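The values are calculated or read from the model by the stated rules, or taken from the named source; none is laboratory data. These figures come from a predicted structure and were not determined experimentally. Cβ: placed from backbone, ideal geometry, glycine included. Neighbour counts: every protein chain shown.
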Amino acid sequence: MSTLSLIAVDLLVALVGVGTWLGAAIAAASGRTRATRFLAVSAVAVTLVRVAVVGVLAGRGWWFVQEKVVFALPLVVLVGAVAVVVLVARGVTAAIVPLYGAGFAASVGLVSPLLTGYPMGVGQALISLGVAAAATLVAWRYTSGAAVPTKRLLVPVAVLGLVGVGLELLPAPQGAADSPIRTVASELRGPSTPAPGGSVRRFELAARKASITLASGTSVEAWTYNGSAPGPEITAVEGDLIEVTLTNVDIESGVTLHWHGYDVPNAEDGAPGVTQAAVPPGGGHVYRFLADQVGTYWYHTHQVSSEGVRRGLFGALVVRPRNDVADTAADPNSDADTVDLTLPVHTFDGIVALGAHDGAQELAVAPGRPVRLRVINTDSTPHRVSLVGTEFRVVAVDGYDLHEPGPVRGEALRVPAGGRVDLSFPMPDGAVALLVDDDASRATLRINGDRASTVDTAATVDTTSWPELDLLAYGTPAPTPFGPDSAFDRDFTLVLDRGLAMVDGVPMFAQTVNGAGYPNIPDQRVREGDLVRVTVVNRSIETHPWHLHGHRVLVLGTTGSPLWLDTFDVRPGEVWRVAFRADNPGIWMNHCHNLDHARQGMALHLSYEGVGTTHSGH
Amino acid sequence: MTLVMRRVYVGIVGLLLASGVLQFYFAAVGAFARPQTDDSFSLHLANGRMVFPLLAVLAIGAAALAKAPGRLIGLTSVPLGLAILQSLIVAVGNALGGATEQRTTPLALAILGLHAINGMIIMGATSAVMARARALLSAPTAPAPAR
């Protein structure tokens, strides 16, 4: 059974537990002896089942059961045991209050973790105890014929709750005193000259509102770079210097440029409030970095990014290897012959598009020619991509070439929010279709070979039942500079959940990391050169595409090709272990790339000792 | 004092009822919003997660202070319990039914549909609380003094 199913079963069992304990109490208060006994026995059985379920869940990781083991189960087992003993020894009437106590204990054990998420702290436990005790006192007062000293008993209960509230409001303990700041993040600039043999590639991007027209004729009020969405594709050859001048025409909330997956020097990262101030209307900013990573990447605004990216402030960044380009001039049959397409998937006002094509985009390619499709998920939720009509290879993920990728057919690819996959195949005689989310009626790419009549066949194959290609076991292993057995200098754990937390000074039902929201989640502090392992645990019921700026991470425990990713989907109940070398000093955003979740608190910083920021806010 | 608290009790339950009606209205707003985004149901979520539960807790407190009988206090806590159940239906439905962001499953939908049924039960329970809270208003505040 999957961890997520176990979490759901546990919730269900806990719910039945609340119902049976409270039911027994109500039956007792109504003087129904047989019903009371039946419900009490059921409650005991359900509670034991929950203990068993939690036991199994504990095998998936302590993070999934912490609050259940230290608080919820001991409380309901203890109070429930008292209730049962009283019921047996002194009868139904005497058991009314203890049974209510068990019901309220079961209730707070179920509700309290849902309200505050992982981890359960002492303060929260005290508040929960206080609530359950107060409710039990009220029940006692109203079910007992005799006078109950409610007011006198309420005092210690209130004190208990208030101490809990106080503990919750205490500021989180800070880590060791910060080392002196030797460098300011915004001074960690990129080089100003290309690598030997490279040239300078200059681009100008002006952020402005514009009405864009999708291929179907639908027009969308978008936020754009240079009036188009996606923005202009930025291309370079390995070793070039990319220089982009950003200006903001009329985006009131401000804009930046973040180079997603590109490990640029910190000051070029485009994280407002950390590496630069957001560019206001009328303002500008120049980004400069070396094109030293080959592959498929993308850029997008990082200011109010949940809205900005959704409305269209993004574009592709593709860097091709220098060898290919050199070959091109010499040999016309080399890779220059490749049909190389960049396909950003984006949802504009609810309409899924590949680039600006929201319907079927058709293309004719001579059979035998190599085809490379670079799929970029620019949305905040994952997409499923299926290729119909040909065998293909996944040659790169997140810009990084896979080792000995094998042929794939009849399997779909899951692309996380912000992630990229490069698919490659020689054009067959027939037709090939790329489907997004198994839906041939929406944005599709149809490539026709010689026999154009087979196009419709290719596009109407039902891919819904195709299994998902497991990238963790795809390709073959290759040496990596470090692995699961390396000695790590730092070991961080991020437990993702939901709960009440402060986000930018506002209390909300936040998307939390270790129980806190941005900017109150403690920084991950590293020293340059550290080998860092990060464990990401998803306790929630939503997918969290995790994205670290400035570093690509190696997924630990793969059985196929090494996987170096900048964005990985941590699905509900999953635990991911990744590692990276701290080799890019600065202060880096480390966040969920479901940008709505980031806005709701799921973001923190990876910061190097000795680096500080002069900016504040987002 | 008790009479004032009983009026306050009726007032809070009235607000609770209004919040419940609004919740249906906001559900329709979310269902018909184009394009569907994370924000389509923001009013439904804010009212359902914050306003309704808060009013429900206040109603229980007011019932106790208004010296309502134990049964009525118990009945007053039903809307809160069912409101919590509303969130659990969504969580358990999606998780147990194997639904993803992209696609629901028949099993998930079969469970998720209960969200609407439970919503109606919440309204029924809240209305029942309202009727008894108003009846309490016209009841004597204290036992008649012995002559």
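Quick test for you: out of A:Ala579, A:Ala598, pick the one residue that is in contact with a Cys (Cβ under 6 Å, 6 or more places away or on another chain) and aliphatic (A, V, I, L, M).
Numbers: A:Ala579 fails: in contact with a Cys (Cβ under 6 Å, 6 or more places away or on another chain).
On inspection, the qualifying residue turns out to be A:Ala598.
Hey, any hits in region B:102-114 for a residue that's within 9 Å of chain A (Cβ to nearest Cβ) and within 23 Å of A:Val570 (Cβ to Cβ)?
Taking region B:102-114 first, the residues within 9 Å of chain A (Cβ to nearest Cβ) are B:102-103.
Restricting the remaining residues to those that are within 23 Å of A:Val570 (Cβ to Cβ) gives B:102-103.
Yes.
Which residue is nearest to A:Leu434 (Cα to Cα), if the candidates are limited to region A:365-388 and must be assigned to a loop (DSSP other than H, G, I, E, B) and away from chain B (no Cβ under 12 Å)?
To start, the set of residues in region A:365-388 that are assigned to a loop (DSSP other than H, G, I, E, B) comprises A:365-369, A:378-382.
Retained after the next criterion (residues that are away from chain B (no Cβ under 12 Å)): A:365-369, A:378.
On the way: A:Val365: 14, A:Ala366: 17, A:Pro367: 17, A:Gly368: 18, A:Arg369: 17, A:Thr378: 17 Å.
Here the answer is A:Val365.
Please go through region A:486-534 and pick out each residue that is under 13 Å from A:Val578 (Cβ atoms) and touching a helix residue (DSSP H, G or I) at 6+ places or on another chain (Cβ under 9 Å).
Result: A:Thr493, single match.
Looking at (1) part of a helix (DSSP H, G or I); (2) within 13 Å of another protein chain (Cβ to nearest Cβ), find the lone condition where B:Leu55 falls short.
Checking B:Leu55 against (1) part of a helix (DSSP H, G or I); (2) within 13 Å of another protein chain (Cβ to nearest Cβ), the one that fails is (2).
Give the residue, chosen from A:Gly499, A:Gly483, that is surrounded by 18 or more Cβ atoms within 10 Å (Cβ to Cβ), of a type outside the set (D, E, K, R), over 16 Å from A:His605 (Cβ atoms) and in the same structural domain as A:Pro572 (by TED's automatic domain parsing).
Values: A:Gly483 fails: surrounded by 18 or more Cβ atoms within 10 Å (Cβ to Cβ).
Result of the check over A:Gly499, A:Gly483: A:Gly499.
Is it fair to say A:His285 is of a type outside the set (Phe, Trp, Tyr), modelled with pLDDT of 95 or more and touching a His at 6+ places or on another chain (Cβ under 7 Å)? I'd like the intermediate steps shown before the answer.
Numbers: of a type outside the set (Phe, Trp, Tyr): yes; modelled with pLDDT of 95 or more: yes; touching a His at 6+ places or on another chain (Cβ under 7 Å): no.
Judged against the criteria, A:His285 is not a match.
Can you tell me which of (1) at pLDDT below 95; (2) over 18 Å from A:Arg498 (Cα atoms) is the one B:Leu55 doesn't meet?
(1)
Suppose we filter region A:17-35 for residues that are of a type in the set (A, V, I, L, M, F, W, C), surrounded by fewer than 19 Cβ atoms within 10 Å (Cβ to Cβ) and within 11 Å of chain B (Cβ to nearest Cβ); how many remain?
Step one: filter region A:17-35 for residues of a type in the set (A, V, I, L, M, F, W, C), giving A:18, A:21-22, A:24-29, A:35.
The next check asks that each one be surrounded by fewer than 19 Cβ atoms within 10 Å (Cβ to Cβ); those that pass are A:35.
Narrowing further to those that are within 11 Å of chain B (Cβ to nearest Cβ): none.
Result for region A:17-35: 0.
Which one is farthest from A:Thr93 (Cα to Cα), of the residues in region A:1-50 that are assigned to a helix (DSSP H, G or I) and among the charged types (D, E, K, R)?
Of the residues in region A:1-50, the ones assigned to a helix (DSSP H, G or I) are A:3-29, A:33-50.
Narrowing the set further to residues that are among the charged types (D, E, K, R) leaves A:10, A:34, A:37, A:50.
Numbers: A:Asp10: 31, A:Arg34: 13, A:Arg37: 12, A:Arg50: 27 Å.
Selected residue: A:Asp10.
Only one of these is more than 10 Å from chain A (Cβ to nearest Cβ) and either under 29 Å from A:Val352 (Cα atoms) or modelled with pLDDT under 95 (or both): B:Ala99, B:Ala28. Name it.
Numbers: B:Ala99 fails: more than 10 Å from chain A (Cβ to nearest Cβ).
After applying the criteria, what remains is B:Ala28.
Could you list, in sequence order, the residues of region A:1-16 that are at the interface with chain B (Cβ under 8 Å from one of its Cβ atoms) and under 24 Å from the mean Cα position of the chain (by Cα)? I'd like the intermediate steps shown before the answer.
If we filter region A:1-16 for residues that are at the interface with chain B (Cβ under 8 Å from one of its Cβ atoms), which is where we start, we get A:4-5, A:7-9, A:11-12, A:15.
Passing the criteria: A:Leu4, A:Ser5, A:Ile7, A:Ala8, A:Val9, A:Leu11.
So A:Val345 clears everything in (1) at pLDDT 95 or above; (2) buried (at least 24 other Cβ atoms within 10 Å of the Cβ) except one condition, right? Which one?
So A:Val345 meets the others, but not (2).
Within region A:249-266, can you find the residues that are among the hydrophobic types (A, V, I, L, M, F, W, C) and more than 13 Å from A:Thr301 (Cα to Cα)?
Of the residues in region A:249-266, the ones among the hydrophobic types (A, V, I, L, M, F, W, C) are A:249, A:251, A:255, A:257, A:259, A:264.
Scanning region A:249-266 gives A:Val249, A:Val264.
Just to check your reading of the model, which residue among B:Ala33, B:Ala63 is surrounded by 17 or more Cβ atoms within 10 Å (Cβ to Cβ), within 11 Å of chain A (Cβ to nearest Cβ) and either hydrophobic (A, V, I, L, M, F, W, C) or closer than 30 Å to A:Asn594 by Cα (or both)?
On the way: B:Ala33 fails: surrounded by 17 or more Cβ atoms within 10 Å (Cβ to Cβ).
Among B:Ala33, B:Ala63, only B:Ala63 is surrounded by 17 or more Cβ atoms within 10 Å (Cβ to Cβ), within 11 Å of chain A (Cβ to nearest Cβ) and either hydrophobic (A, V, I, L, M, F, W, C) or closer than 30 Å to A:Asn594 by Cα (or both).
Has region A:477-495 got at least one residue that is of a type in the set (A, V, I, L, M), in contact with a strand residue (DSSP E or B) (Cβ under 6 Å, 6 or more places away or on another chain) and over 25 Å from A:Pro405 (Cα atoms)?
Scanning region A:477-495, I find at least one residue that is of a type in the set (A, V, I, L, M), in contact with a strand residue (DSSP E or B) (Cβ under 6 Å, 6 or more places away or on another chain) and over 25 Å from A:Pro405 (Cα atoms), so the answer is yes.
Name every residue in region A:406-442 that is on the phi < 0 side of the Ramachandran plot, part of a loop (DSSP other than H, G, I, E, B) and under 26 Å from the mean Cα position of the chain (by Cα), in order of residue number. So that I can check it myself, show each step before the final result.
Restricting attention to region A:406-442, the residues satisfying the condition of being on the phi < 0 side of the Ramachandran plot are A:406-409, A:411-417, A:419-436, A:439-442.
Checking the rest, the ones that are also part of a loop (DSSP other than H, G, I, E, B) come to A:406-407, A:409, A:411, A:416-417, A:419, A:427-430, A:439-442.
If the condition is that a residue be on the phi < 0 side of the Ramachandran plot, part of a loop (DSSP other than H, G, I, E, B) and under 26 Å from the mean Cα position of the chain (by Cα), then A:Glu411, A:Pro416, A:Ala417, A:Gly419, A:Asp439, A:Arg442 are the ones that fit.
Of B:Ala128, B:Ala142, B:Ala135, B:Ala110, which residue is at pLDDT 90 or above, loosely packed, with under 14 Cβ neighbours inside 10 Å and under 23 Å from B:Pro69 (Cβ atoms)? Full working, then the answer.
Working: B:Ala128 fails: loosely packed, with under 14 Cβ neighbours inside 10 Å; B:Ala142 fails: at pLDDT 90 or above; B:Ala110 fails: under 23 Å from B:Pro69 (Cβ atoms).
On inspection, the qualifying residue turns out to be B:Ala135.
Within region A:535-554, count every residue that is touching a helix residue (DSSP H, G or I) at 6+ places or on another chain (Cβ under 7 Å) and more than 14 Å from chain B (Cβ to nearest Cβ).
Number of matching residues: 2.
Can A:Leu115 be described as without any contact (Cβ under 8 Å) to a residue 24 or more places away in the chain, outside any strand (DSSP E or B) and either on the phi < 0 side of the Ramachandran plot or of a type in the set (Lys, Arg) (or both)? Reasoning before the result, please.
Working: without any contact (Cβ under 8 Å) to a residue 24 or more places away in the chain: no; outside any strand (DSSP E or B): yes; either on the phi < 0 side of the Ramachandran plot or of a type in the set (Lys, Arg) (or both): yes.
In short, no.
Going by what's in this entry, would A:Leu78 be described as part of a helix (DSSP H, G or I), among the aliphatic types (A, V, I, L, M), farther than 17 Å from A:Ala29 by Cα and more than 14 Å from every other protein chain (Cβ to nearest Cβ)?
Values: part of a helix (DSSP H, G or I): yes; among the aliphatic types (A, V, I, L, M): yes; farther than 17 Å from A:Ala29 by Cα: yes; more than 14 Å from every other protein chain (Cβ to nearest Cβ): yes.
For A:Leu78, the condition - part of a helix (DSSP H, G or I), among the aliphatic types (A, V, I, L, M), farther than 17 Å from A:Ala29 by Cα and more than 14 Å from every other protein chain (Cβ to nearest Cβ) - is met.
Can we say A:Glu268 is in contact with a Gly (Cβ under 9 Å, 6 or more places away or on another chain), assigned by TED's automatic domain parsing to the domain that holds A:Tyr297 and buried (at least 18 other Cβ atoms within 10 Å of the Cβ)?
Working: in contact with a Gly (Cβ under 9 Å, 6 or more places away or on another chain): yes; assigned by TED's automatic domain parsing to the domain that holds A:Tyr297: yes; buried (at least 18 other Cβ atoms within 10 Å of the Cβ): yes.
Considered against the rule, which asks whether it is in contact with a Gly (Cβ under 9 Å, 6 or more places away or on another chain), assigned by TED's automatic domain parsing to the domain that holds A:Tyr297 and buried (at least 18 other Cβ atoms within 10 Å of the Cβ), A:Glu268 comes out as yes.
Applying the selection to region B:69-87, what residues are more than 15 Å from the chain's Cα centre (by Cα) and more than 9 Å from chain A (Cβ to nearest Cβ)? Steps first, answer last, please.
Narrowing region B:69-87 to residues more than 15 Å from the chain's Cα centre (by Cα): B:69-72.
Selection gives B:Leu72 alone.
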